[in-house]
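Report on the structure given below.
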Amino acid sequence: MRYFPESYKRIKPLNVVFDKYYPLKCEICDKDLLESMFVEKMNGVVVFVLPKNIDNNKNKIEDIYIAFKGMCDEQKRKYYESQGFITCWGDILDLVNPLLFMQYIISILNNFNAGTISYSEKAFKKEKDFILKLSQKVLIQMNEEERNRAKNIFELGFIDL
Ligand SMILES: [Zn+2]
């Protein structure tokens, strides 16, 4: 941080929120996307799988998957399209921006509150998993006191990965 401030800003340390690091893996090739994004400059997408007849008032998200842009994403997308679904996606690199990360979460809350989206059980679990893992890149470093306080409140087991 002191000697390479520019690199530090770009890379950000990974395991600052939780005791250990949880990789965010591409569902197709199993490679860690968070690390590849910054080390190899590869980018990924979070993809939402929805029924073809999209209804602006109520949509059920059937699945969510994380994949590298390009080959990985395309493979999965083609599969779902052949099954009669449509997909829409978000750029994971954008979501590492703290403001856009919060906006992502708030928009989910808003949609829930308005009743405009619902999730399949699988998709909901994956959404939470995605947010928790991505937070490792977004949230600032907690000090020991904050970390312990959070642990006391949630009595461990508060993170279900
Ligand atoms: Zn992949």
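The values are calculated or read from the model by the stated rules, or taken from the named source; none is laboratory data. Since this is a predicted model, take the numbers as computed values, not measurements. We place every Cβ from the backbone using ideal geometry, glycine too, and count neighbours over all the protein chains shown. Remember, those area values only see protein heavy atoms, side chains included, never the ligands or the DNA or RNA. Shrake-Rupley method; radii C 1.70, N 1.55, O 1.52, S 1.80 Å.
Which residue pairs have Cβ atoms under 9 Å apart, sit 6 or more places apart or on different chains, and have a first residue in segment 10-25 that is under 20 Å from ARG147 (Cα atoms) and hydroxyl-bearing (Ser, Thr, Tyr) and a second that is modelled with pLDDT of 65 or more and in a loop (DSSP other than H, G, I, E, B)?
No pair meets every condition.
Among the residues of segment 40-59 satisfying the criterion of being touching a residue at least 12 places away in the same chain (Cβ under 8 Å) and loosely packed, with under 13 Cβ neighbours inside 10 Å, which is farthest from SER82 (Cα to Cα)? Working first, answer last.
Initial filter on segment 40-59 (touching a residue at least 12 places away in the same chain (Cβ under 8 Å)): 42-52, 54, 56-59.
Okay, now just the ones that are also loosely packed, with under 13 Cβ neighbours inside 10 Å, so 52, 54, 56-58.
Numbers: LYS52: 11, ILE54: 16, ASN56: 22, ASN57: 25, LYS58: 23 Å.
Within segment 40-59, the match that is farthest from SER82 (Cα to Cα) is ASN57.
Filter the strands (runs of 3 or more DSSP E) completely within segment 40-156 down to those with at least 3 residues that are away from the ligand (no atom under 16 Å from the Cβ).
44-51, 59-61, 85-91, 117-119
Residue by residue through segment 112-123, note down the ones that are without any contact (Cβ under 8 Å) to a residue 12 or more places away in the chain and touching a strand residue (DSSP E or B) at 6+ places or on another chain (Cβ under 9 Å).
At the first step, the residues of segment 112-123 found to be without any contact (Cβ under 8 Å) to a residue 12 or more places away in the chain are 112-114, 121.
Answer for segment 112-123, where residues must be without any contact (Cβ under 8 Å) to a residue 12 or more places away in the chain and touching a strand residue (DSSP E or B) at 6+ places or on another chain (Cβ under 9 Å): just PHE112.
Between a residue in segment 26-37 that is within 7 Å of the ligand (Cβ to nearest atom) and any residue that is open to solvent by 10 Å² or more (accessible area, probe 1.4 Å) and not polar (S, T, N, Q), which pairs come within a Cβ distance under 7 Å, given they are 6 or more apart or on different chains?
Filtered contacts from segment 26-37: CYS26/ILE66; CYS26/CYS72; ILE28/CYS72; ILE28/LYS76; CYS29/CYS72; LYS31/LYS25.
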